[in-house]
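Encoded as structure tokens, the structure appears first; notes follow it.
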Amino acid sequence: MHFFERTFSGFRYHRRYYIVMMLLSVAFCLISIMLITSAMIDQSAQGAFLQRLNSFGAQNKEAILLSTQVGQAHAKMVQSSQALLNRVLILNGICWLIGTAWLWHHRRSETDALYLVGKSSMSIGLQYAFEAFFSFWISFMISVFLIILFNDQLIEFLTSANRSVFGHLLQEGYQSVDINKAFRQLFARHLTGFTRETLFYYGSRTDDITQPTGFLKTLGSGMAVILITNLGLVTPLSMIRKRRVMPR
Amino acid sequence: MLFRSKQLDVYRENLAKLFAPKTIQYLYVPDETSLNDLRDQYIKNFASGGLLKQLAFISSRDTGILDYLSVRNNLYINGHSKNTDFLPEWLNNNSPILDQPAATLDTMQRLYLQFYRGLMGKKRYLLLSGRAEVFDPQVTRAFLTEAHRALQQTDSCLLVLTTDQSLLSANPQNAWKQPPVLSLNTLVK
């Protein structure tokens, strides 16, 4: 009996569970890719801002003041998106841990059966892990398909959301430093091809960010979660189970 | 290490002499608790003798049958012997039952499937431990007659752990009123 035949049959048999986990994984993949893309858009916006600011002259007093304030707002944005991404990763890990534990409990007799026909803990563990990998792979592909389908809208939405959050974060610095004044003085002596708003952030969409990113990172972290839950939970539990089925 | 390997060879030889191929051995136990204890003890002994891979299980409770696989996949799960002449018609290559899920089989069919699965996987020993309510005399006789016929075409031996003394009386040449101790120390002296 081929290993993969057994794995796919197991996947089909426990399809209800895997459909739930796949929906969860699609949500995880979409959120993870959106957060990573959002961080990249922000980095790009910061780069573009500094480039535009340079046209005023690097030693300009107002430019230095703006650069510091904007830099701080960008740093806050990167921090918050990273913190959010970490939470999503942890939440995904917890969901898989609970789901895996539930499924393992649900398929105890199946584990016994596999031991009874002489399968090793390694073979059983690999079967269960591959079922989960397979379900995550399908979820990942669905997410990639959805992102390709709504690529432009997604970039536009993320840029607009980023701009809005960035504007809010920048506002927080207004009370301590008079940015408005710095602005007026900066623009008073220059003719530029951009406005005050587009100096800070892009317009409706960026020129250099046309596609989302973070696919590999999302795939890797999702797979790692499955590997860890299977190695850390399923395999030890199965080995304990083996003692009951095959007394030694 | 070399000594251990030699010890295991002797163990295998002595066990093979005790339970000859193509035979059904009847081992008597007074009650179901003793039956389970003896089964567990034999599994431990086979494991310590390095023979677990040569042991197949037949049981009404722990069947080792994966319901989500087809009957064919369950039959071949331990390997696929070239010689399939011993298979009954309902498990033969063209039988429509083979492509059904194993979940559709009834209790007796599941017992037969376990037995033939062991033979397909060329297991040297098949350990049958059944509950009395499943193995009524008529069903048992039919199963053992078919098993005897199939075993003649293989090198396997069926060990029947039973609480039914009449089975021993009917087969005195292979009956064990006192089941043998299969520990490494006992068989390797």
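For region B:57-78, what are the residues that are farther than 20 Å from B:N93 by Cβ, touching a Leu at 6+ places or on another chain (Cβ under 7 Å) and more than 8 Å from chain A (Cβ to nearest Cβ)?
If the condition is that a residue be farther than 20 Å from B:N93 by Cβ, touching a Leu at 6+ places or on another chain (Cβ under 7 Å) and more than 8 Å from chain A (Cβ to nearest Cβ), then B:I58, B:S60 are the ones that fit.
Considering every residue within region B:131-139, establish whether at least one is touching a residue at least 12 places away in the same chain (Cβ under 8 Å), assigned to a helix (DSSP H, G or I) and surrounded by fewer than 19 Cβ atoms within 10 Å (Cβ to Cβ).
Yes.
For B:N74, indicate whether it is without any contact (Cβ under 8 Å) to a residue 60 or more places away in the chain, crowded, with 17+ Cβ neighbours inside 10 Å, within 22 Å of B:S156 (Cα to Cα) and of a type outside the set (A, V, I, L, M).
Spelling it out, B:N74 is indeed without any contact (Cβ under 8 Å) to a residue 60 or more places away in the chain, crowded, with 17+ Cβ neighbours inside 10 Å, within 22 Å of B:S156 (Cα to Cα) and of a type outside the set (A, V, I, L, M).
Scan region B:10-56 for residues that are more than 10 Å from chain A (Cβ to nearest Cβ), part of a strand (DSSP E or B) and of a type in the set (A, V, I, L, M, F, W, C) and report the count.
Selection size over region B:10-56: 2.
Taking A:S9 as the residue in question, decide whether it is away from every other protein chain (no Cβ under 14 Å) and part of a helix (DSSP H, G or I).
Against the criterion (away from every other protein chain (no Cβ under 14 Å) and part of a helix (DSSP H, G or I)), A:S9 does not qualify.
Going by the structure shown, is B:Q7 in contact with a Pro (Cβ under 9 Å, 6 or more places away or on another chain) and either away from chain A (no Cβ under 12 Å) or part of a helix (DSSP H, G or I) (or both)?
no
Taking the residues in region A:102-117 that are in contact with a helix residue (DSSP H, G or I) (Cβ under 8 Å, 6 or more places away or on another chain) and open to solvent by 40 Å² or more (accessible area, probe 1.4 Å) as candidates, determine which candidate is farthest from the other protein chains (Cβ to nearest Cβ).
Per the stated criteria, the residue is A:W102.
For region A:120-172, how many residues meet the condition of being open to solvent by less than 40 Å² (accessible area, probe 1.4 Å), within 14 Å of chain B (Cβ to nearest Cβ) and not β-branched (V, I, T)?
5
Could you look through region A:207-233, keep only residues that are of a type outside the set (A, V, I, L, M, F, W, C) and without any contact (Cβ under 8 Å) to a residue 60 or more places away in the chain, and pick out the one that is nearest to A:A129 (Cα to Cα)?
A:G232
Suppose we keep only residues that are in a loop (DSSP other than H, G, I, E, B) and closer than 25 Å to B:Q41 by Cα within region B:140-169. Which one would you say is least open to solvent (accessible area, probe 1.4 Å)?
Here the residue is B:S156.
Could you please give the count of residues in region B:77-88 that are crowded, with 21+ Cβ neighbours inside 10 Å and among the hydrophobic types (A, V, I, L, M, F, W, C)?
Qualifying residue count for the region: 1.
Kindly check whether there is at least one residue in region A:21-30 that is open to solvent by 30 Å² or more (accessible area, probe 1.4 Å), within 14 Å of chain B (Cβ to nearest Cβ), in a helix (DSSP H, G or I) and modelled with pLDDT of 90 or more.
no
The values are calculated or read from the model by the stated rules, or taken from the named source; none is laboratory data. It should be emphasised that the depicted structure is a prediction, and the values quoted were computed from it without experimental measurement. FYI the Cβ positions are ideal-geometry reconstructions off the backbone, even for glycines, and counts take in every protein chain you see. Ligands, DNA and RNA are stripped out before the accessible areas are found, and what is left, the full protein with its side chains, is counted by its heavy atoms. Shrake-Rupley method; radii C 1.70, N 1.55, O 1.52, S 1.80 Å.
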